There are 2 protein chains.
Amino acid sequence: MTETKDITWAHISLAHGNGGRYMRELIETIFSRYLSNPVLNTQADAASLPDMEGNIMISTDGFTVQPLEFPGGDIGSLSIHGTLNDLAVAGAIPKYMTVNVFIEEGLEVSQLERIVQSMASAAKENNIAIVAGDTKVVPKGQGSGLYLATTGIGIKSGQHTLNIKNINIGDRIVVSGPVGDHGTAIMLAREEFGMHGALQSDAASVLPLTQAVDSIAGLKFMRDPTRGGLATVMHEIQQASGLGVYLYEEQIPIRDEVQTVCDMLGYDPLYLACEGRVVAVVDDNNAEALLACWQQLPQGQEAAIIGKINQGNQVVLRTTLGGERLLDELEDDPLPRIC
Amino acid sequence: MTETKDITWAHISLAHGNGGRYMRELIETIFSRYLSNPVLNTQADAASLPDMEGNIMISTDGFTVQPLEFPGGDIGSLSIHGTLNDLAVAGAIPKYMTVNVFIEEGLEVSQLERIVQSMASAAKENNIAIVAGDTKVVPKGQGSGLYLATTGIGIKSGQHTLNIKNINIGDRIVVSGPVGDHGTAIMLAREEFGMHGALQSDAASVLPLTQAVDSIAGLKFMRDPTRGGLATVMHEIQQASGLGVYLYEEQIPIRDEVQTVCDMLGYDPLYLACEGRVVAVVDDNNAEALLACWQQLPQGQEAAIIGKINQGNQVVLRTTLGGERLLDELEDDPLPRIC
């Protein structure tokens, strides 16, 4: 189904989701045109995957980001990066993905096309084949342009058994780069805030970061700090381990633009999403090796050791002024629809 | 994560999607409570699947049905049956599923709980483990209660190589039961039509039907006629084969209630969705054997041979009055959001 046609409509209508001629044309002119590969067969109900050696891993994620396009990415590339990153931090190499599309009636076809092209590029750059998909159209006023869901299949790589439960007292916490860029870029892209800046989202594949540390002994756990940001990952670690997390504020990389915007609007960057960073927990003896490994990569030049695991049962931030403050678990949503 | 808590909130808020405490509690009290199994780990970014022997198949589907609960099912059971049926008609036995949830702010928690319970029951009845999930909450007025997406993984079973391209002149078309029940039941469940009836959706697993015909020689192709109904599957066959489809109206099983409602509202039941039927194409010599096989099952008692493949390049219906009429490819959406 790789035939291409000129698109003769400007906006998506309900008929593009009805299973009939318009839906077929939408699939042919947009989805198959950009996403086609040998495994994808838009005429079959299910795709047959080539044989895979090794431990198969699976992850899924939904995407509702607003605006659909933002500096540094769009919902299409984000839907690929988000799910591939969940596989990557679990120690897997992503291979295949499925895509669900929920389009709101009235979406501009040209915007949909840009987003699908972006999705295709992100998949191709990361050697991921889109193997199955489904399209639904919802009536105007019952969606918000476009929601996506992707499910990824990968193969576990390396010898690490990553598990949040392996974390112990004395382990070090390392972050691969500045936090809060994605959340702040999304904020700036929303007209409601009336602010503009040059800041780009950090949305990207973290696979180079997670694969680079495959040979680092003592690696216990990795996670990408998305919704709820760095602070939320710290709470997940605290709750799963029953231990304490102790962070050094002056060690946490935060861009000046991010800090400035957060100060003006009253947000805490530690709770804002990243979409291209990794937090790793590694034993004390190997923390410097992991840091050096990341700092050699373009994606990890600003990596830093930001804290440690201790006997407490709270998440504590040692401030630049030398005091200590508790980082509470996130309650109110600071910023809906950032991913 | 199987601990259970009392639910202390009545409606879903944006904070239930923010990655923080409320989202964790929602996952614990609703999703983990009903969907837990040994493979699901709500603390990990990706699930590790047990070893699978054989050809892995994958399928994905989105669900936007309105109303969320209807006679014979709800969006929860539908989301399991829909994706498992896509695997089943491709000749696979479903094993694992992932679930994406898009909740509109304001949804009643009690309704969400009923739907997740229904999803859990449908999965359990079909030996499917939910292995990963993701929850997003969208602001009020940007959704419609609940949208779901499921992705299923199965193993190819049997020796058939099912492919729409295998279809040849003389092959017979068999349907496993009455068509249009689901679409009509959804219509009746919508208050806008001001009609009520006892009709139930046919939404169900078709796995017993697809597995029963594993030993039937000459089986070419199966599909579940969902969006766009029987007529749309006939057009898919016509287009993929380049041959003609010839249907006998008096052979097509349609319930009296379905025909009556369609006559009153001006719908054609051949274009209305089923969610628990299978259409099979089988060579002429084996059509009676396949029919007998289905008729022995509770799900297939009303199965019928409804047509044949011929040299034409159209979909033609021979009417009960003895005339012929073309069944056009579906264009306008007769009934949005039926699945």
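Read the figures in this text as sums done on the coordinates, not as results from a lab. In this text the structure is predicted, and so the values were computed from the model without any measurement. Reconstructed Cβ throughout: ideal geometry from the backbone, glycine too, with neighbour counts over all protein chains shown.
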- Output the Cα-based Rg and Dmax of the range A:14-156 in Å, rounding Rg to one decimal and Dmax to a whole number. 14.8, 46
- 10 Å Cβ neighbours from other chains, averaged over peptide A:232-242: 2
- What is the spin-label model distance, in nm, from residue A:314 to residue B:140 if the labels are put 7 Å beyond Cα along the C-beta direction? 3.6
- Message: Run lengths n ≥ 4 of DSSP H only: what is the helix-derived mean residue ellipticity at 222 nm for the protein assembly as shown, with -39500 (n - 2.57) per run over all residues, to the nearest 500?
- Response: -7500 deg cm²/dmol
- With +1 on each Lys and Arg Cβ and -1 on each Asp and Glu Cβ, how big is the dipole of the range B:14-156 about its Cα centre, in debye rounded to the nearest 20? 100
- Task: Note down the magnitude of the dipole of the protein assembly as shown about its Cα centre, charges +1 on Lys and Arg C-beta and -1 on Asp and Glu C-beta and zero elsewhere, to the nearest 20 debye.
- Result: 980
- Item | Charge dipole magnitude, Cβ of K and R +1, D and E -1 - chain B, Cα centre, debye nearest 20 | 640
- Å³ per residue of the Cα convex hull, for the range A:254-322? 134
- Stick to the Cα atoms of the range A:124-216, pair each with every other, and give me the Kirkwood hydrodynamic radius in Å at one decimal. 18.1
- Query: Could you give the radius of gyration (one decimal) and Dmax (whole number) of the Cα atoms in the protein assembly as shown, in Å?
  - Reply: 25.8, 91
- Distances from residue A:139 to the same position in the other copies: list them in nm, one decimal, shortest first, using label points 7 Å from Cα along Cα→Cβ. 2.2
- Item | Per principal axis, descending, Cα span of chain A in whole Å | 65, 51, 32
- Item | Fraction of the pair-distance distribution of the range A:164-326 above 18 Å, Cα-Cα pairs, percent | 57
